[in-house]
Amino acid sequence: MEFVVRGITDYQEPGVFIAFEEKIDDLRKNFKSMGFDLDELVRGKKLVLDHITIDRSEIAETGEYDLEGLFIRLGAMIDEVGAKRVAIDTLEALFSGFSNEAILRSELRRLFLWLKDRGVTAVVTGERGDGTITKYGLEEYVADCVITLDHRLMNQIATRRLRIVKYRGSIHGTDEYPFLISSDGISVLPITSLSLTHKASAERISTGIPRLDTMLGVKGYYRGSSILVSGQAGTGKTSIAATFIDAACRRGERCLFFIFEESESQLLRNMKSIGINLEPWVKTGLLKFHAVRPTAYSLEMHLSVMLKLIGEFGPRVVAVDPISNLYPIGDDIQVRSMLMRLIDFAKALQITGLFTNLSNNTDAGAYAVEPTEMHVSSLMDTWLILKNVEGNGERNRAFTIIKSRGMVHSNQLREFVLSDKGIQLLDVYKGREGVFFGSSRMAQESREIDDRLRRNEETERKKREIESKRKLMEIEIEMLREKYAREEKDMKILIGQDISRERAEAEIAREIATQRQVDR
Amino acid sequence: MPSVPKTHRTPKKKEEPVNEAWILRLYVAGQTRNSLIAFENLRKICEEHLECQYTIEVIDLQKNPQLARDHQIIAVPTLIRKLPTPVKKIIGNLSNTEKVLVGLDLRMMSR
């Protein structure tokens with residue numbers, strides 16, 4: 001039906017739908033839930049709906065016959081609207097109505113050739129066989145393309161899948177693709193159609209916490225990047241997400257917040273208590289919440305709903321809190337592939353995504369990472385791990401940036417608090433004895449202030465001491481100088497006396513010599 | 001080739017009890033081999049086994065294609081007994097006389 005209806009609405013190709021099993025009223029009702037208004041299409045002469053009953057008990061077969069009646073009917077219907085698309089649901093009904101298989105098969109062969117001749121594209125449904133593609137081997141006659149559908153239970157959640165078995169004249173994906181039937185038709189989400197061609201933006205956007213922006217290369221997250229915030233219970237992940245959303249809304253950007261753990265009102269209330277008021281943004285339509293229990297439906301359905309909402313709402317920022325709630329629905333590979341598709345979709349539209357993840361490791365060190373987290377983290381550009389630092393009989397909040405692609409980032413373990421003014425990063429208190437948190441940091445802070453005061457005093461004292469010593473020294477020097485000066489004087493006097501004595505003696509000696517008239 | 005007449009009446013036989021009139025409709029699609037065989041067979045069976053007034057209508061779906069939809073005809077030829085009720089539907093060229101008789105509930109009537 002999707003084939004025929006979309007042909008009319010999207011491609012202006014009228015169509016014919018023949019139902020062997022459902023009555024026309026049932027068709028109308030059933031397809032209304034998929035958003036198809038069949039009445040309108042019929043009225044607009046774009047669609048011909050017909051129901052053909054084949055009741056075996058009514059018919060006795062008395063000799064040779066053919067199905068020309070069907071051809072005539074089909075022909076009339078096609079001509080009525082100039083149809084280019086025909087859907088027949090289901091041919092199996094013919095097999096249960098007529099017992100002569102030989103005639104049936106040859107007529108079917110004739111039918112498909114006839115349809116081809118008429119230039120219509122026909123979609124025919126048939127029941128799956130055990131081990132064969134169809135119960136009656138219809139695929140032998142259907143020339144060009146065979147698609148099989150499957151409806152499977154996995155982890156108690158049902159998923160529909162389709163697979164293209166053959167497609168003549170064209171390359172086709174051969175994998176199984178999950179698909180969904182929702183309120184606007186069928187959507188298929190193949191993994192392999194996503195290539196890594198999204199552009200990388202150089203624009204930076206604030207995290208909502210100025211000091212965190214500084215830690216992230218001074219400017220914040222890259223636009224269009226994916227951010228993982230992981231941590232154990234109660235470490236503040238949702239608060240970080242809400243702060244980011246708040247900042248984006250302040251910039252006038254639309255935000256979409258998917259929550260899997262709390263209800264919208266619960267989250268609003270909780271964030272209000274730490275000073276993040278998201279209500280105004282909800283009222284003005286900048287912020288939209290989508291809260292649902294993860295076990296409500298399959299991973300594919302979640303993805304489809306999320307993609308649809310993103311497409312309709314057009315946000316610039318998307319947050320998912322927490323992604324860890326998705327793990328119970330599928331296995332690691334599926335969750336990872338779902339996230340990968342979501343992230344790729346967001347990146348292609350330059351939407352920044354923030355994802356929170358609850359880590360379970362309580363016993364291992366705070367940076368121990370579970371394998372699932374490791375796999376998911378490789379999809380993310382920026383990774384913050386929040387942890388509670390225990391010590392001194394209390395726990396304090398801290399976080400660290402594990403990685404942030406494309407920028408230089410701080411590697412500090414930073415303490416933060418959730419006050420009624422929101423998230424505030426505290427100064428890194430690095431004393432001489434290491435980094436401190438919480439009340440021990442306060443104690444250490446005051447201790448160090450005391451120390452500093454004391455040292456100052458000590459220094460002052462020493463200064464005074466030196467000063468007085470210097471003064472003493474100067475006095476001593478002065479005394480020594482005087483003493484030396486005196487001694488010098490005395491010495492000079494003595495030397496003077498010595499010299500005059502010597503002269504006097506020399507004089508006397510000469511005189512004596514002269515008196516004696518001695519030869520020298 | 002004899003053309004396919006629209007209706008065919010037989011005169012009432014005087015000695016036989018009067019049963020309600022039969023109306024039989026044969027749907028064909030043009031003058032195909034099966035159509036002609038069917039008509040011939042039908043005529044013979046009616047001659048031999050129907051001892052009352054009967055009417056055979058032949059409807060050519062190629063000339064009136066909308067009747068295929070209106071009367072829910074898929075296989076051709078299809079024979080419908082309109083009267084007496086209940087309506088009976090038989091497909092095929094009516095070569096298997098036994099089956100035709102059973103289908104038309106004529107077994108009970110013939111002697």
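Computed from the coordinates by the stated procedures, all read-outs in this text should not be read as laboratory data. Because the structure is a prediction, the values reported are computed rather than measured. Cβ sites come from the backbone with ideal geometry, for glycine too, and all protein chains shown count toward neighbours.
For a quick check: sort A:MET1, A:MET34 by the number of other beta carbons within 10 angstrom, fewest at the front.
Values: A:MET1 21, A:MET34 15.
Ordered by Cβ neighbours within 10 Å, fewest first: A:MET34, A:MET1.
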* **Anchor A:LYS492: lysines whose Cα lies under 20 Å away (excluding residues fewer than 8 positions away in-chain)** => A:LYS483
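Partner chain Cβ atoms within 10 Å, averaged over the residues of A:47-55 - can you pull that number for me?
Partner-chain Cβ atoms within 10 Å, mean over residues of A:47-55: 2.
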* Asked: If the viscosity is 0.692 mPa s and the temperature 37 °C, what translational diffusion coefficient in µm²/s does Stokes-Einstein give for region A:12-106 when Rh comes from Kirkwood over Cα pairs?
  -> 225 µm²/s
* Could you give the dipole magnitude of the protein assembly as shown about its Cα centre, charging the beta-carbon of Lys and Arg +1 and that of Asp and Glu -1, in debye to the nearest 20? -> 1060 debye
* Structure fact -> Given backbone amide H placed at 1.01 Å from N, residues whose amide H is under 5 Å from that of A:VAL16, ignoring those fewer than 5 places away on the same chain, are A:VAL48, A:ARG85, A:VAL86, A:ALA87
* Asked: Can you list the HN-Hα couplings for region B:48-55, worked out from phi with the Karplus curve (6.51, -1.76, 1.60; θ = phi - 60°), rounded to whole Hz and with x for Gly and Pro?
  -> 7, 10, 9, 9, 8, 6, 9, 10
* Nearest 10 degrees, 0 to 90: helix A:332-348 Cα axis against chain A principal axis -> 80 degrees
* Under a cut-off of 20 Å between alpha-carbon atoms, report the aspartates and glutamates in cross-link reach of B:LYS99, not counting same-chain residues fewer than 8 places apart. => A:ASP55, A:GLU58, A:GLU61, A:GLU64, A:ASP66, A:GLU101, B:GLU40, B:GLU47, B:GLU48, B:GLU51
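Rounded to whole Å and sorted largest first, what semi-axes of the equivalent ellipsoid does the C-alpha gyration tensor of the protein assembly as shown yield via the square root of 5 times each eigenvalue?
Details: eigenvalues 2399, 114, 72 Å².
So the equivalent ellipsoid measures 110, 24, 19 Å along its semi-axes.
Using a Förster distance of 30 angstrom, determine the FRET efficiency expected from the C-beta separation of A:VAL417 and A:ARG452, and round it to 0.05.
Between A:VAL417 and A:ARG452 the formula returns 0.75.
Looking only at the protein assembly as shown, where both bridge partners belong to it, what percent of the DSSP beta bridges are antiparallel (to the nearest 5)? Don't skip to the end; give the middle numbers.
Working: 49 of 98 bridges.
Bridges in the protein assembly as shown that DSSP calls antiparallel: roughly 50 percent.
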* Modelled label reach - A:ALA291, point 7 Å along Cα→Cβ, region A:226-269 residues with backbone N closer than 11 Å -> A:259-269
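Greater than 26 Å separation of Cα atoms is the criterion. Which listed pairs, B:LYS44/B:LYS88; A:LYS387/A:LYS421; A:LYS84/B:LYS88; A:LYS166/A:LYS199, meet it? Can you show the working numbers first?
On the way: B:LYS44/B:LYS88 19 Å; A:LYS387/A:LYS421 21 Å; A:LYS84/B:LYS88 36 Å; A:LYS166/A:LYS199 35 Å.
Violating the 26 Å Cα-Cα cut-off are A:LYS84/B:LYS88; A:LYS166/A:LYS199.
Where does each of A:THR174, A:THR214, A:THR356 land when they are ranked from fewest to most other beta-carbon atoms within 10 angstrom?
On the way: A:THR174 10, A:THR214 15, A:THR356 28.
Least crowded to most crowded, the residues run A:THR174, A:THR214, A:THR356.
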* Out of B:ALA75, B:THR55, A:ILE205, whose Cα points farthest toward the positive end of the dipole of the protein assembly as shown (charges: +1 Lys, Arg; -1 Asp, Glu; placed on Cβ)? -> A:ILE205
* For A:TYR327, A:TYR221, order by how many other beta-carbon atoms lie within 10 Å, fewest first -> A:TYR327, A:TYR221
* **Estimated vicinal HN-Hα couplings, Hz - region A:218-228 in sequence order (Karplus 6.51, -1.76, 1.60; Gly, Pro = x)** => 6, 10, x, 6, 6, 5, x, 8, 10, 10, 10
* Asked: So which lysines pass the test for A:LYS283, namely a Cα distance under 21 Å, with those fewer than 8 places away in the same chain ruled out?
  -> A:LYS272
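On average, how many beta carbons from a partner chain sit within 10 Å of the beta carbon of a residue in A:71-83?
Values: counts 6, 14, 10, 3, 3, 7, 3, 0, 1, 2, 0, 0, 0.
Neighbouring Cβ atoms belonging to other protein chains average 4 per residue here.
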* Asked: Per-residue HN-Hα couplings for region A:497-514, Karplus 6.51 cos²θ - 1.76 cosθ + 1.60 at θ = phi - 60°, whole Hz, x for Gly and Pro?
  -> 5, 4, 5, 5, 5, 4, 5, 4, 5, 5, 4, 4, 4, 5, 4, 4, 5, 5
* Taking amide H positions as placed in the peptide plane 1.01 Å from N, state which residues far from A:TYR221 in sequence (5 or more) or on other chains have amide H under 5 Å from it. => A:ILE205, A:THR207
* Give the long-range amide H neighbours of B:TRP22: residues separated by 5 or more places, or on another chain, with amide H under 5 Å away, using H modelled in the peptide plane at 1.01 Å from N. => B:GLN53, B:TYR54, B:THR55
* Asked: Between region A:328-361 and region A:433-492, what is the C-alpha centre distance in whole Å?
  -> 66 Å
